[in-house]
Amino acid sequence: MTDDLMTIRQMCDAFDVTARTLRFYEAKELLSPIREGQKRLFTKRDRARLKLILRGKRFGFALEEIRQLLDLYDMGDQQQTQLMRTVEVARGHLEGLKRQREELTDAIADLTEQLEWADKKIASFDE
């Protein structure tokens with residue numbers, strides 16, 4: 001393969017994803033590899049899009065949100081609209097992640113307290 005094109009196996013190895021994942025993203029119109037019979041060839045654009053898809057998934061973006069943000073790339077305004085919308089969506093997700101972290105911190109503290117109480121109770125049985 002050239003530097004410009006990668007096979008599905010090369011994409012899987014490079015991004016630590018399965019072929020099934022790549023085919024799924026293709027079916028969802030997030031990736032558009034070149035088709036040569038049964039063979040899929042991924043371009044630099046596909047690689048850039050996959051990197052953004054995986055990052056978006058890690059941040060908790062829904063696939064539809066990711067698709068909509070990726071589609072804004074072609075608006076012809078030097079990605080200004082895409083960047084502004086991405087920042088807006090990302091800020092919302094960041095707030096959600098912060099709330100989840102606070103809830104987890106509270107749950108961890110509560111569970112720790114309950115386990116300490118249980119450990120003391122169990123220890124009192126041995127006395």
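The values are calculated or read from the model by the stated rules, or taken from the named source; none is laboratory data. Values in this document were obtained by computation on a predicted structure and should not be read as measured data. Cβ coordinates were reconstructed from backbone atoms using ideal geometry, including for glycine residues, and neighbour counts include every protein chain displayed. Heavy atoms of the whole protein, side chains included, go into the accessibility calculation; ligands, DNA and RNA do not. Shrake-Rupley method; radii C 1.70, N 1.55, O 1.52, S 1.80 Å.
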Candidate set: segment 33-49, residues that are farther than 13 Å from residue 22 by Cα and basic (Lys, Arg); chosen: the one surrounded by the most Cβ atoms within 10 Å (Cβ to Cβ): 45
Contacts under 9 angstrom Cβ, first residue in segment 52-72 being farther than 11 Å from residue 90 by Cα and in contact (Cβ under 8 Å) with a residue 40 or more places away in the chain, partner outside any loop (DSSP other than H, G, I, E, B) and open to solvent by less than 20 Å² (accessible area, probe 1.4 Å), 6 or more apart: 70/53; 70/56
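Select from segment 112-127 the residues that are surrounded by 10 or more Cβ atoms within 10 Å (Cβ to Cβ) and of a type in the set (S, T, N, Q) and list them in ascending order.
Start the filter on segment 112-127 by keeping residues that are surrounded by 10 or more Cβ atoms within 10 Å (Cβ to Cβ), which leaves 112-119.
Residues satisfying the conditions are 112, 114.
Please find, within segment 16-32, the residue that is nearest to residue 67 (Cα to Cα) out of those that are part of a helix (DSSP H, G or I) and open to solvent by less than 30 Å² (accessible area, probe 1.4 Å). First the steps, then the outcome.
Residues of segment 16-32 part of a helix (DSSP H, G or I): 19-27.
Next cut, open to solvent by less than 30 Å² (accessible area, probe 1.4 Å) only: 19, 22, 25.
Values: 19: 19, 22: 14, 25: 10 Å.
Among those residues, the one meeting the criterion is 25.
Just wondering, is there one or more residues in segment 1-15 that are open to solvent by 90 Å² or more (accessible area, probe 1.4 Å), under 25 Å from residue 97 (Cα atoms) and not hydroxyl-bearing (Ser, Thr, Tyr)?
The initial filter retains those residues of segment 1-15 that are open to solvent by 90 Å² or more (accessible area, probe 1.4 Å), namely 1, 3, 9, 13.
Next, from what is left, pick out any that are under 25 Å from residue 97 (Cα atoms): none.
Scanning segment 1-15 turns up no residue that is open to solvent by 90 Å² or more (accessible area, probe 1.4 Å), under 25 Å from residue 97 (Cα atoms) and not hydroxyl-bearing (Ser, Thr, Tyr).
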Pairs with Cβ under 7 Å, 6+ apart, first in segment 85-104 and part of a helix (DSSP H, G or I), second acidic (Asp, Glu): 89/65
Leading residue by the ranking (modelled with the lowest pLDDT) among those in segment 64-89 that are hydrophobic (A, V, I, L, M, F, W, C) and open to solvent by 40 Å² or more (accessible area, probe 1.4 Å): 75
